[in-house]
1. Go through segment 63-115 residue by residue and tally those that are surrounded by 12 or more Cβ atoms within 10 Å (Cβ to Cβ) and in a helix (DSSP H, G or I).
2. What do you reckon, is residue 45 within 17 Å of residue 20 (Cβ to Cβ), surrounded by fewer than 12 Cβ atoms within 10 Å (Cβ to Cβ) and touching a residue at least 40 places away in the same chain (Cβ under 8 Å)?
3. For the structure I just gave you, tell me whether residue 41 is at pLDDT below 85 and closer than 16 Å to residue 8 by Cα.
4. For the subset of segment 20-30 comprising residues that are surrounded by 14 or more Cβ atoms within 10 Å (Cβ to Cβ) and touching a residue at least 24 places away in the same chain (Cβ under 8 Å), which member is farthest from residue 95 (Cα to Cα)?
5. Being under 15 Å from residue 64 (Cβ atoms), over 14 Å from the mean Cα position of the chain (by Cα) and without any contact (Cβ under 8 Å) to a residue 24 or more places away in the chain is the filter here, so list the residues in segment 76-124 that pass it.
6. Would it be correct to say that residue 16 is in a helix (DSSP H, G or I), touching a helix residue (DSSP H, G or I) at 6+ places or on another chain (Cβ under 7 Å) and surrounded by 14 or more Cβ atoms within 10 Å (Cβ to Cβ)?
């Protein structure tokens, strides 16, 4: 069974970048990684195109410039713990470029993406359920 189905995930942001969506897990996936951690815990968000998330993360805190901010710590944690194939990474970064990411101006793609997620989730003045 797909991870999205296991978590009863609900759509919270369609096309956050072209072809990629943000879903929120309604329950733990029950799938355990090599560190004995659930791969998609309840209430966490997942970035996906189809059934299984490319990566998952808690709701991002407000973006701040400080490298010691909660936002920076979360972005670094995701960057350091996420692994995907070269094709998946290429598709993800290419979609970010289509959405406006400029590596020369914007720097770290994960910071750019997570700021986009934060802004999208808060632009409607609705908190994720």
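1. 29
2. Answer is no for this residue.
3. Answer is no for this residue.
4. Step by step, filter segment 20-30, then rank; the result is 29.
5. 107, 122
6. no
Every residue, every condition in (1) at pLDDT 95 or above; (2) within 16 Å of residue 16 (Cβ to Cβ); (3) in contact with a helix residue (DSSP H, G or I) (Cβ under 7 Å, 6 or more places away or on another chain), yes or no:
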{"site": "78", "(1), (2), (3)": "no, yes, yes"}
{"site": "83", "(1), (2), (3)": "no, no, no"}
{"site": "88", "(1), (2), (3)": "no, yes, no"}
{"site": "93", "(1), (2), (3)": "yes, yes, yes"}
{"site": "96", "(1), (2), (3)": "yes, yes, yes"}
{"site": "107", "(1), (2), (3)": "no, no, no"}
{"site": "120", "(1), (2), (3)": "no, yes, no"}
{"site": "123", "(1), (2), (3)": "no, yes, no"}
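The values are calculated or read from the model by the stated rules, or taken from the named source; none is laboratory data. All values reported here derive from a predicted model rather than from experimental measurement. Heads up, the Cβs are rebuilt from the backbone with ideal geometry, glycines too, and the neighbour counts pull from every protein chain shown.
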